[in-house]
Amino acid sequence: MEDSITFLHSSDWQLGMMRRFLGPDGQARWAQARLDAVMRIGDVAKATGAAFVVVTGDVFEHNQVERQTILRACEALKRIEVPVVLLPGNHDALEPGSLWTSAQWTGHAPSHVVVVTDTKPLEIVPGVEVVGAPWRSRRPLSDPAAPGYAELAPAPPGVKRILLAHGQLTSLSGGMSDVPTIDQAALEAAVNDGRLHYVGLGDRHSTTEVTERIWFSGTQEVTAPEETHPGNVLAVTLGEGTIEVEPHHVGAWHMVEHHAELDDEESIRALEDFFAELPEKERTYVRLAADGSLPLPLLSQLDAMVDAQGEVFASVERWAKFWTVRPAPDAADLDALQLSGPARAAMEELRQALAGGDETAGAALTLMHRLARDAG
Amino acid sequence: MRLHSLTLRNFRGVKDRTVELPAIGTTVVVGDNEVGKSSLVEAFALIFDYPDDSKSKRIIDIQPVGQDVAPEVTAQLTLGGRELTYTKRWLKNKATELTILEPDGRRQSWTGREAHNEAERLFNEHVDPVLWQTLMVSQGQSLVLPTPADAEPLITAVTAESGTPVDGASMPLVLAVEHEYLRYWTKGGRPTGDFAKSAKAVEAAELTAAQALKAMDEVVADIRRAERLALDLDELSSRLTDHLKTVEELRERKQATDEILLRRDSVRARAETARARLENHTRTRVERERLLAEVEKLTQTDAELAERRKDAETVAKKAAETVHAAEAALAEVIELRDERRGDLHVAERLVARLTDRAELDRLLVQQTELVDVRARIASAGLVLDGVKVDEALVAALEDARARVVEARAALAAGVPEVSVRRVGAEAVRLSGTGLDAGSAKVPDELEGEIQVLVSGELVIDVPGQIEVKVQAGGEAATLRSRLDEAVRLEQDLLKRGRVKDLAAARELLRKVDTVSAELQEARRTERSLTANGDPSERITLLCARLGVSSTGEEEEETKSAGKRQAPVEDVPGQMSLFSQFEEEEGTFDFEDLPALEGGELGAAERSLENARAELAVAERLLSDAEFAAAQARKAAEEDRSEAQQARARSELAEERLAAAVEALDAARAVLADENVDAEEEKATAEVEAVLEELTAVQAQADEVGADEAAGLLADALAVATRLQGERDVLRDSLRTTEGRLEQSGRDGLGTRRELAELELAAIRAEHEGLKRRADAARRVFDTLGRHRAEAQTKYSEPLQTRIESLGRSVYGPSFKVWLDDDLAVAERELDGKRLRVEALSTGAQEQLAIITRLAISHLVSTGDNSVPVIFDDALGWSDKGRLRDMGALLGRAGDHGQVIILTCMPERYEYVPRATFIKLES
């Protein structure tokens, strides 16, 4: 395909993003991983022979990121050897005080990087026009993609036109978006009438094919367990009437959500197995939900096991909202401690309180059990 | 364990003593200090603790000082149902012997070390050391409250009785729970350690996050502001551009109309000039008319005022003459009044002098009487001063006389009376001592006959013939002495009264009464004469007023002082009257002062009344003359003032007329009267012409709208200026906001906020974890503590009940105690007042300690491991009332076991019922 052109489509780098569940150490490593993924995009560009790279919004987490984040982003961009077109999104809108107009950016941005600041078509390479609809405010009043193509005539013959836009599609948002969404039908019409040959979208972190020529690239590195296909960059090849889109995985982290039913020793072993089977533990965050009830010794065992896994993984978070594992002490537990007199009576009182629905009694009971076991 | 007997030999100060103790009941062992009461307790301890070969200092110390003897102890006791006889001797001939009589009657014996070991084994097996130490109270320890928690027999007893076993096995858990609790909470329940630190860290992180959030909110607000400003700026710039086009159009229109407006302005200026000139001429005409009228009016006024002035001056002159005549009449009346006043003065002085003279005569008579009375007082005083006799002296003299008569009668009865009569011619001489011939004197040579009482010796000598001696015997001397004493006493009294005998004294006393009555009367008279003061002072005053001197007074005073023996006519106040005094009328001698004639004073007073009447007439005349003169003066003053005013008004009118004439002349010099109207008419014509021209130009300007064009341009320019100003303000605001935003971008405020929130979330999570653990620790601590407290209460109940039961027999039904974890009494309540035991009095503490021990003894008495209660000297702090109750208690305690009391003060225990008293002799 001599007339074809290949470029890379990425979005939602959100450099400078923070995740509280990772803790300080995990946060630092994950932030670096997001830059590493950008650098790997450069490798993919080289490998695929991409002529340029487009990033459809939310390059930065917000306009007030610290200087270090901007400078490191510039360094990462230097690792991409082809032109790079960046589109301001809702996170880094081209609003007053935007980082795109700041001296920190303009003073350090590599020369092969272009920021889309208006809707004029840009010939990024001969025969390829890139038009963008940059966000000028975090609260647009209408379809954020429309300004990019509304007044365009069909592309001249031999010219391939790519629209860069950012926002949720009306069809995918489920009516939950609190900002105006992108009119998918209008986009498809523009594609069908030859005004656009490819629409690169950003904002959705999972790689999503909307139509053959309309894609969300997804984020280069996972940001939440809910994301289905994160960590990709799309290699798009446009030919005369043809298109080929191929995802390349550049992310290194995993974010996993797991729900466990814990009622006996076997279920705890199953949870241990789950942890054991997860790869790249140091780059994996696990959000753990659990319910059930356990005898006091098993509860202590569970606590110890989860604490230990927290040291191995990047982070293991007990999902407080869905963590309902309760102690279920039975008479045998208490007998095993060989307590008598007031100690036995106290423990029995706590046990009954727990049985009566007093949640705080559970923690007290567990503690007393542990202390009695250690003291014994 | 029961102790039956103890035998001590060569033990400290005890040579050999056996004390038998009843197996049950209360025994009081009485002995003075140093007789070895405490040695009994010590011996019992040593026999079980030290083998016979011990070289312990305690063993060496029990050997009597300076005696090389072997201390020896034998104890008989029941231990675990066996009866033991245990003997031990130390230091010399060391020996240990143990004999045991088993309950089944078997008897076993040991000697030496085996005996010691067996005895020790049995003791340890059946005597709990804590209980033994608890119930054996050494000297000086009676105040210490027992802490018997570790006494095994007690634990067994309370456990059996309460049904609650002691929970010693849980102690490690209790300590672990407490340790865990103290990791998070202070004993007072406040957060501590990492928990407290994390709470503070959360607060700090919240503050930091809030600050970061606030900074970001400001950034967002700035972004919104900048967006608004940019929109506003665009809109304003657009409006400004449109408006500047309008300004340009207006400016072109105005240039076209400016020429007409210039011409109109020129005509307007000329019209103003012409109008000013006309006004000037009109003013000149009006002023001229006013000046002419004024001169005419002032001339007429001046003539009228000159006439009035002349009339007024004539009236004033006449009034002045009237005043002069009135003042001359007034001077005459004043002279008459002064003359009458002089007459009155002369009459008043004459009346006063005659009044004084009359009073002086009266006082001189009064003074003469006073002199006489005072002479009588002085004379009576002299008489009374010389008399030494009073009623007491006369009574004493009467007694003395009676004693003399009595003594003399006794003498006559008790001594020989010798009657001697000379019958021959020969001289008969009488001599001797103690002779008494009555009132007659015993002559040396007898002439006739004489009776003589002989109380001494009488010698009758007829020279050459015979000498007879009569010698008195018996009590003659004593009788004689009594008579002499009575006579001497009488003589002393007569001498004191300066009288010859009793009759003289009585006479003199009667005279004194008479003189005293006279003296009283004279003093009453003197008081009445001097009731209004001494007349001499008033006389002196009157003399001075009348001009009469009394220079002889001082001389008379001197004489009276030197003549107290003859107070006759020399009386104070007696004076020589000098007769000279000066008056205005002249000088005259007092001697020449005529005696007052009857009616002279009355005539003088009538003259005085006449003089006063004449003076009153003169003063009325004077008052009338003064009124007339004042009236004349007032009228003259008014007339004179009127004349002056008329003159002033006339002069003022002349001045004003002259000024008006001068002004009129000056105006005429500028413009003659006949030209004034012509000039005004000329100026009026000129104004009308210019106004006509101005109307024509204005019509032309109105036609092309010249005035509106200028206004519209000015308004448009003002609007343009305002819009430009607004645009500049917006632009500046936008630049400022953008500058702030750029700075916030440089500062990385968003990252800071996220970092702060990240930090806060981490710290909160840590704190939540700590809080869960802390709450759990507290829950466990509280729950366990509550159960332990309940168990403790139940566990200690048997002992508490015993103590309260015993204590109520001493203190009454309100007595309560609370025990702590060691089963020691911690607090006591009496009559509703609860106190820590440390706060109790010494006596109460000692009583409580004894009661507690008896309660423990009672509680363990049913078991095999009971021990005797031994008090070595107690109840030293209790008053007598408590001693009675405590004694009763100690007596009852003997019903349940063996109570042994060692004391040197048996009276403390005299109320112990059924006690066995054992006296240790020294």
Residue satisfying condition, being open to solvent by less than 30 Å² (accessible area, probe 1.4 Å), under 60 Å from the mean Cα position of the chain (by Cα), at pLDDT 90 or above and not acidic (Asp, Glu), within set B:Ala205, B:Ala199: B:Ala205
Residues that are surrounded by fewer than 16 Cβ atoms within 10 Å (Cβ to Cβ) and touching an Asp or Glu at 6+ places or on another chain (Cβ under 7 Å), drawn from segment B:456-501: B:Val459, B:Val462, B:Gln465, B:Glu467, B:Lys469, B:Gln471
Residue list for segment B:109-134, filter: closer than 30 Å to B:Thr852 by Cβ, open to solvent by 20 Å² or more (accessible area, probe 1.4 Å) and of a type outside the set (A, V, I, L, M, F, W, C): B:Glu120, B:Asn124, B:Glu125, B:His126, B:Asp128, B:Pro129, B:Gln133
Residue within segment B:524-538 that is open to solvent by less than 60 Å² (accessible area, probe 1.4 Å), within 60 Å of the chain's Cα centre (by Cα) and touching a residue at least 60 places away in the same chain (Cβ under 8 Å) present: yes
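Quick one: count up the residues across segment B:719-735 that are more than 11 Å from chain A (Cβ to nearest Cβ) and open to solvent by 60 Å² or more (accessible area, probe 1.4 Å).
Initial filter on segment B:719-735 (more than 11 Å from chain A (Cβ to nearest Cβ)): B:719-733.
Subset that is open to solvent by 60 Å² or more (accessible area, probe 1.4 Å): B:721-722, B:724, B:726, B:728-729, B:731-732.
Here the count works out to 8.
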Any hit, segment A:31-40, residues being free of Cβ contacts under 8 Å to residues at least 40 places away in the same chain and either open to solvent by 10 Å² or more (accessible area, probe 1.4 Å) or in contact with a strand residue (DSSP E or B) (Cβ under 7 Å, 6 or more places away or on another chain) (or both): yes
Breaking point among (1) touching a residue at least 24 places away in the same chain (Cβ under 8 Å); (2) within 14 Å of chain B (Cβ to nearest Cβ), for A:Val312: (2)
Selection status of A:Gly357, touching a strand residue (DSSP E or B) at 6+ places or on another chain (Cβ under 6 Å) and under 25 Å from A:Leu288 (Cβ atoms): no
Some residue of segment B:245-263 being farther than 20 Å from B:Asp707 by Cα and either open to solvent by less than 90 Å² (accessible area, probe 1.4 Å) or not β-branched (Val, Ile, Thr) (or both): yes
Qualifying positions in segment B:111-157 - small (Gly, Ala, Ser) and in a helix (DSSP H, G or I): B:Gly112, B:Ala115, B:Ala119, B:Ala157
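So that you can scan it fast, the table gives a plain yes or no per residue for (1) open to solvent by 50 Å² or more (accessible area, probe 1.4 Å); (2) more than 26 Å from B:Leu608 (Cα to Cα); (3) modelled with pLDDT under 85:
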| site | (1), (2), (3) |
| --- | --- |
| B:Thr314 | yes, yes, yes |
| B:Ala320 | yes, yes, yes |
| B:Ala325 | yes, yes, yes |
| B:Leu354 | no, no, yes |
| B:Arg357 | no, no, yes |
| B:Leu364 | no, yes, yes |
| B:Val394 | no, yes, no |
| B:Arg401 | yes, yes, no |
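Give the residue that is least open to solvent (accessible area, probe 1.4 Å), with candidates limited to residues of segment B:94-108 that are over 21 Å from B:Ala23 (Cα atoms) and either in contact with an Asp or Glu (Cβ under 9 Å, 6 or more places away or on another chain) or in a strand (DSSP E or B) (or both).
B:Thr96
Taking segment B:223-244 only, how many residues are open to solvent by less than 80 Å² (accessible area, probe 1.4 Å) and within 14 Å of chain A (Cβ to nearest Cβ)?
8
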Enumeration of residues in segment A:355-374 that are more than 17 Å from A:Ala331 (Cα to Cα), more than 7 Å from chain B (Cβ to nearest Cβ) and assigned to a helix (DSSP H, G or I): A:Glu359
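Just the residues that are in contact with an Asp or Glu (Cβ under 8 Å, 6 or more places away or on another chain), assigned to a helix (DSSP H, G or I) and at the interface with chain A (Cβ under 8 Å from one of its Cβ atoms), please, taken from segment B:748-791.
B:Gly750, B:Thr751, B:Arg752, B:Glu754, B:Ala777, B:Val780, B:Thr783, B:His787, B:Arg788, B:Ala791 - these are the residues of segment B:748-791 that are in contact with an Asp or Glu (Cβ under 8 Å, 6 or more places away or on another chain), assigned to a helix (DSSP H, G or I) and at the interface with chain A (Cβ under 8 Å from one of its Cβ atoms).
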Yes/no for B:Leu479 being of a type in the set (A, V, I, L, M) and touching a Lys or Arg at 6+ places or on another chain (Cβ under 7 Å): no
Selected residue (only one of A:Gly174, A:Gly218 is within 30 Å of A:His258 (Cβ to Cβ) and modelled with pLDDT of 95 or more): A:Gly218
Pick from segment B:792-820, criterion within 14 Å of chain A (Cβ to nearest Cβ) and crowded, with 21+ Cβ neighbours inside 10 Å, ranking: nearest to the chain's Cα centre (by Cα): B:Ser796
Members of segment A:334-353 that are more than 7 Å from chain B (Cβ to nearest Cβ) and either open to solvent by 20 Å² or more (accessible area, probe 1.4 Å) or in contact with a Ser or Thr (Cβ under 9 Å, 6 or more places away or on another chain) (or both): A:Asp335, A:Ala336, A:Leu337, A:Gln338, A:Arg344, A:Met347, A:Glu348, A:Arg351, A:Gln352, A:Ala353
Residue satisfying all of: in segment B:864-922; among the charged types (D, E, K, R) and at positive phi; most open to solvent (accessible area, probe 1.4 Å) among these: B:Arg914
Segment B:368-386 residues that are closer than 14 Å to B:Ser528 by Cβ, paired with ones that are not in a helix (DSSP H, G or I) (beta carbon under 8 Å, 6 or more apart): B:Leu370/B:Thr530; B:Leu370/B:Val571; B:Leu370/B:Gly573; B:Asp372/B:Val571; B:Arg374/B:Pro567; B:Arg374/B:Val571; B:Arg374/B:Pro572
Criterion: farther than 20 Å from B:Lys317 by Cβ and in contact with a Lys or Arg (Cβ under 8 Å, 6 or more places away or on another chain) - qualifying residue of B:Leu608, B:Leu622: B:Leu622
Strands (runs of 3 or more DSSP E) completely within segment A:165-243 that count 3 or more residues being more than 24 Å from the chain's Cα centre (by Cα), surrounded by 23 or more Cβ atoms within 10 Å (Cβ to Cβ) and not assigned by TED's automatic domain parsing to the domain that holds A:Asp58: none
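Right, B:Ala160: part of a helix (DSSP H, G or I) and either basic (Lys, Arg) or over 30 Å from A:Ala343 (Cα atoms) (or both) or not?
It is false that B:Ala160 is part of a helix (DSSP H, G or I) and either basic (Lys, Arg) or over 30 Å from A:Ala343 (Cα atoms) (or both).
Residue under question is B:Ile60, and the condition is that it be loosely packed, with under 14 Cβ neighbours inside 10 Å and either of a type in the set (Val, Ile, Thr) or without any contact (Cβ under 8 Å) to a residue 24 or more places away in the chain (or both); does it hold? Reasoning before the result, please.
Details: loosely packed, with under 14 Cβ neighbours inside 10 Å: yes; either of a type in the set (Val, Ile, Thr) or without any contact (Cβ under 8 Å) to a residue 24 or more places away in the chain (or both): yes.
Against the criterion (loosely packed, with under 14 Cβ neighbours inside 10 Å and either of a type in the set (Val, Ile, Thr) or without any contact (Cβ under 8 Å) to a residue 24 or more places away in the chain (or both)), B:Ile60 qualifies.
Restrict the check to segment B:76-90 and report whether at least one residue is aliphatic (A, V, I, L, M), touching a Pro at 6+ places or on another chain (Cβ under 9 Å), outside any loop (DSSP other than H, G, I, E, B) and crowded, with 16+ Cβ neighbours inside 10 Å. Give the steps one after another, and end with the answer.
So the first thing to find is which residues in segment B:76-90 are aliphatic (A, V, I, L, M), and the list is B:77, B:79, B:84.
Cutting the leftovers down to touching a Pro at 6+ places or on another chain (Cβ under 9 Å) gives us none.
Looking for residues that are aliphatic (A, V, I, L, M), touching a Pro at 6+ places or on another chain (Cβ under 9 Å), outside any loop (DSSP other than H, G, I, E, B) and crowded, with 16+ Cβ neighbours inside 10 Å, one finds none in segment B:76-90, hence no.
The values are calculated or read from the model by the stated rules, or taken from the named source; none is laboratory data. Quick caveat: nothing in here was measured; it's all calculated off a predicted structure. Methodologically, a virtual Cβ is constructed for each residue, glycine included, from the backbone with ideal geometry; neighbour enumeration extends over all protein chains shown. Keep in mind that these areas ignore ligands, DNA and RNA; they rest on the heavy atoms of the full protein, side chains included. Shrake-Rupley method; radii C 1.70, N 1.55, O 1.52, S 1.80 Å.
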